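The values are calculated or read from the model by the stated rules, or taken from the named source; none is laboratory data. The structure presented is a predicted model; accordingly, all values stated were derived computationally and were not measured. Here Cβ is always computed from backbone atoms with ideal geometry, including for glycine, and neighbour counts include all displayed protein chains. Areas reflect the complete protein model, heavy atoms only, side chains present, ligands, DNA and RNA absent. Shrake-Rupley method; radii C 1.70, N 1.55, O 1.52, S 1.80 Å.
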Amino acid sequence: MNRTACMAVTVRADGVSEAIYNGQRDRVVEAVRAEAERETQAVREEMRRQRAELEARIKAESDRAELREWRLNRELALKLDRATPARRRGPVRRALRAIESGWAMLWAICHCWAEIGERLGLWVIERDGQNTH
């Protein structure tokens, strides 16, 4: 029986070459592919580990920042409580504050009503005979 050695090399679209010798794939190509796959998996695992570590660090730092903010807010609230008088405002002072607040709201609504309606698109204000939109 006369055997002829036959070898074919194919290059796929992604640039990977493949050698076939007597109908079998080249063992070197298979070994290189397996090694590349192992390295790729190792790199992916390392990236996953680093990402998890980074997320844990970010979470810990966020928790510390929230705790600091909570403590600072608590201290500022205590300072504010100490700074304000302990007695309640009298009925006259409360009435004056209510009148003052009502007057401020009425003034703001009356003077800003045109701009509010224009921004909401309810009407168009023409200035100097020209449309502003």
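Descriptive notes on the structure:
- Odd one out for GLY121 among (1) modelled with pLDDT under 95; (2) surrounded by 10 or more Cβ atoms within 10 Å (Cβ to Cβ): (2)
- Residue match in the range 90-99 (condition: out of contact with any Lys or Arg (no Cβ under 6 Å at 6 or more places or on another chain) and outside any helix (DSSP H, G or I)): yes
- Residue in the range 8-15 that is open to solvent by less than 80 Å² (accessible area, probe 1.4 Å), modelled with pLDDT under 75 and among the aliphatic types (A, V, I, L, M) present: yes
- Some residue of the range 80-99 being more than 30 Å from ARG12 (Cα to Cα), modelled with pLDDT under 95 and within 33 Å of the chain's Cα centre (by Cα): no
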